[in-house]
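So the structure is just underneath, and the comments pick up after that.
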Amino acid sequence: MSKRLRDAVLAGVAVSLIAGLGACGQAGESSGGHASGRGGPKIGLLLPEHQTARYETFDRPLVEKKIKELCSDCTVEYANAHGDVATQLQQVDTMILKQIDVLILGAVDTRYLGGAVHEAQDAGIPVISYDRLVEGPVAAYVSYGSREISKAQGEALLEGLGNKADGGQVVRVEGPEMTPWATFVLKDKVKIKTYQAAAWDAGQAQAIMSRAIADLGASNIDGVWAANDAIAAGVISALKAARIRPLPPVAGQDAELGAVQRIVSGEQYSTVYKPYQPEADAAATMAIALGRGQEIGTMAKDRVSSSTTKNIPAVLLTPISMTVHNIKSTVVKDGTYMIDQICTPKYRSACQEAGLIE
């Protein structure tokens with residue numbers, strides 16, 4: 001990528017995002033890059049792991065589809081880090097060697113990838129931080145607001161706690177990164193004991209939750225705040241292995257299919273639904289614009305700051321708290337899951353009780 005394009009990306013050029021998309025594939029309308037007669041931008045897409053089903057099932061195909069819709073001659077270079085920081089660092093290096101024009105980065109670890117973001121910037125490659133705000137000089141960020149996610153999750157858990165929402169004991173099971181704003185809704189309302197897993201892994205979460213049960217006592221756990229639905233799955237396995245009945249409310253995040261089925265069956269109380277398509281569409285749209293050397297101010301109207309970078313242009317979307325009562329109006333209505341996917345024979349009776357099938 002030329003210095004001219006890098007300067008255009010960093011300083012901004014007087015071309016709107018809408019004009020950029022309308023001109024996708026036309027030569028001579030961007031300041032350098034692939035758009036000047038040698039095809040559309042080459043876009044790198046790096047996603048963090050595969051244990052959370054969303055990335056391979058939804059994020060990747062949706063991002064690739066939107067890029068192809070908006071820019072038929074754009075190309076996508078893709079890799080998944082499988083939860084390993086070292087692997088993702090190598091993947092960033094590979095993307096730089098391939099001379100991509102822009103990188104969409106779903107970071108395994110937002111702290112340790114900061115140096116790689118600097119390397120990409122030095123190579124003239126703007127980085128869009130996807131779903132998790134990575135440190136370093138990112139050009140843009142797209143996600144659901146962390147405060148809004150935590151608010152939805154915390155309020156659902158308080159609802160599930162019922163009369164124990166005042167003074168009850170909640171276990172917070174985190175993943176490798178501590179979730180911002182995780183407990184601000186719960187603060188001063190319940191007692192919170194925090195544990196942290198080294199990976200987004202249900203097996204680790206089960207072991208950690210088993211330790212929490214041993215520490216606090218099976219009868220002294222009134223609810224669980226789980227960092228995501230993979231963590232929630234492990235938590236619930238530990239609660240069941242300890243023969244805790246009834247299960248305390250468990251609030252997760254990501255609206256994975258398994259979580260939706262656990263909610264239908266009553267094993268998990270809630271999840272946070274973050275529709276994948278708006279996030280993927282925003283990332284793809286910004287990537288095309290940045291790859292063509294165009295500004296993104298018409299789209300990224302929000303601003304966020306990391307510990308290293310201030311006033312990052314951002315698209316912040318609004319999440320939805322999902323319980324058994326709004327499955328139809330969320331994941332089913334949006335086409336994320338079909339009723340047949342949710343209501344397999346194992347869950348047929350529960351689905352009938354929940355009103356999903358007759």
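Readers should treat all values here as calculations from the given coordinates under stated rules, not as data from a laboratory. All of these numbers come straight from a predicted model, not from anything done at the bench. Cβ placement follows ideal geometry from the backbone for every residue including glycine, while neighbour counts extend to all protein chains displayed.
Points worth noting:
- Rg/Rg_globular for the range 103-236, with Rg_globular taken as 2.2 N^0.38 Å and Rg from C-alpha atoms: 1.22
- Taking the helices alone, the chain has a mean residue ellipticity at 222 nm of -10500 deg cm²/dmol, built from -39,500 (n - 2.57) per DSSP H run of at least 4 residues and averaged over all its residues.
- Value in Å of the Kirkwood radius, where the range 220-309 supplies the Cα pairs that are averaged: 15.8
- Between GLU353 and ASP93, the modelled label-to-label distance comes to 5.4 nm, taking each label 7 Å out from Cα in the direction of the beta carbon.
- Looking at the chain, the DSSP beta bridges with both ends there are about 15 percent antiparallel.
- Size descriptor for the chain, Kirkwood hydrodynamic radius: 21.3 Å (Cα pairs only, one decimal).
- Computed E for GLU69/ASP302 - FRET, C-beta separation, R0 25 angstrom, nearest 0.05: 0.55
- In order along the range 163-174, the phi-based Karplus estimate (6.51 cos²θ - 1.76 cosθ + 1.60, θ = phi - 60°) of 3J(HN,Hα) comes to 6, 8, 6, 10, x, x, 9, 10, 9, 9, 10, 9 Hz; Gly and Pro are listed as x.
- Cα-projected label distance for THR194 with HIS118, points at 7 Å along beta-carbon direction, nm: 2.7
- Lysines whose Cα lies under 17 Å from that of LYS187, excluding same-chain neighbours fewer than 8 positions away: LYS151, LYS164
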